[in-house]
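*Asks:* Please find one structure pasted underneath; my questions will follow.
The values are calculated or read from the model by the stated rules, or taken from the named source; none is laboratory data. Please read these numbers as outputs of a predicted model, since none were measured by experiment. Cβ coordinates were reconstructed from backbone atoms using ideal geometry, including for glycine residues, and neighbour counts include every protein chain displayed. The area values use the complete protein model at the heavy-atom level, side chains included, leaving out ligands, DNA and RNA. Shrake-Rupley method; radii C 1.70, N 1.55, O 1.52, S 1.80 Å.
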Amino acid sequence: MRVWGACLSLAATVLLGGCSSTVEGEAVRPEGNEGLFDPCSAIQDDVITSLGVDASTEENGVAGVSQAEFVICSWASDWYELGVWSTFHTLEDVRRNPDDTDFRDASAVGDGAITFREVWDVDGSTCFVALPADQGAIFVRIDAYQQAQYPEDICGLATRQAIALKPYLPK
């Protein structure tokens with residue numbers, strides 16, 4: 001038992017001693033999605049319901065599959081899906097991504113916020129609002145179900161939902 005205690009004491013001394021050293025260089029973000037804001041656990045059901053989507057339809061990931069570099073949560077309404085995506089990627093990363101297009105200012109949501117679409121979205125059924133965050137960015141996504149007409153502008157709805165969600169999102 002004394003040997004075990006001595007080993008623990010030595011390990012603690014080594015660990016604590018390591019805490020006082022200075023590390024130079026640039027910070028490296030964690031692999032995967034560890035440490036990201038989790039919208040499924042952070043945004044309460046009553047908030048989700050107040051946005052016009054069904055809290056009981058909550059889905060973590062894409063089709064229930066966790067995504068590398070993102071924590072995604074979505075909820076369904078009768079004509080669209082609301083998603084909140086958390087990522088280490090920055091708005092500059094979004095602007096440089098060749099799959100993203102149609103960037104517009106979304107200052108009504110907050111400083112630096114933008115809307116954008118993905119290039120494959122030829123029918124205009126999806127819109128993202130991206131907000132800068134200390135961790136990188138938070139995206140609010142509206143993905144309308146395929147139909148001839150939508151009851152309102154998709155990016156207008158995404159902007160309205162992002163404004164309503166902003167108090168529950170990280171800075």
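*Asks:* In this structure, does Phe116 turn out to be aromatic (Phe, Trp, Tyr), in contact with a helix residue (DSSP H, G or I) (Cβ under 8 Å, 6 or more places away or on another chain) and open to solvent by 10 Å² or more (accessible area, probe 1.4 Å)?
*Replies:* Judged against the criteria, Phe116 is not a match.
*Asks:* Here's a follow-up. For Gln44, only one of the following conditions fails: (1) polar (S, T, N, Q); (2) modelled with pLDDT of 75 or more; (3) open to solvent by less than 60 Å² (accessible area, probe 1.4 Å). What is its number?
*Replies:* (3)
*Asks:* Oh, and also: Answer yes or no as to whether Thr13 is modelled with pLDDT of 95 or more, open to solvent by less than 100 Å² (accessible area, probe 1.4 Å), of a type in the set (S, T, N, Q) and over 24 Å from Pro132 (Cα atoms).
*Replies:* Judged against the criteria, Thr13 is not a match.
Each row is one residue, and each column tells you yes or no for (1) in contact with a Pro (Cβ under 7 Å, 6 or more places away or on another chain); (2) polar (S, T, N, Q).
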| site | (1), (2) |
| --- | --- |
| Gly112 | yes, no |
| Trp120 | no, no |
| Asp123 | no, no |
| Leu131 | no, no |
| Gln135 | yes, yes |
| Gln149 | no, yes |
| Cys155 | no, no |
| Pro167 | no, no |
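*Asks:* All but one of (1) at pLDDT 95 or above; (2) open to solvent by less than 50 Å² (accessible area, probe 1.4 Å); (3) over 23 Å from Ser66 (Cβ atoms); (4) not in a helix (DSSP H, G or I) hold for Gly83; state the number of the condition that does not hold.
*Replies:* Every listed condition holds for Gly83 apart from (3).
*Asks:* Looking at the structure I just gave you, is Ala68 open to solvent by 70 Å² or more (accessible area, probe 1.4 Å), in contact with a helix residue (DSSP H, G or I) (Cβ under 8 Å, 6 or more places away or on another chain), aliphatic (A, V, I, L, M) and part of a loop (DSSP other than H, G, I, E, B)?
*Replies:* no
*Asks:* Taking the stretch 93-113 as the region of interest, how many residues are out of contact with any strand residue (DSSP E or B) (no Cβ under 8 Å at 6 or more places or on another chain) and small (Gly, Ala, Ser)?
*Replies:* Here the count works out to 2.
*Asks:* Under 8 Å by Cβ, and 6 or more places apart or on different chains, what pairs join a residue from the stretch 94-111 that is surrounded by 15 or more Cβ atoms within 10 Å (Cβ to Cβ) with one that is part of a loop (DSSP other than H, G, I, E, B)?
*Replies:* Asp100/Val119; Ala106/Ala113
*Asks:* Still on this structure, please answer the following. Can you spot a residue in the stretch 94-116 that is within 21 Å of Gly61 (Cα to Cα) and of a type in the set (Ser, Thr, Tyr)?
*Replies:* No, that holds for no residue.
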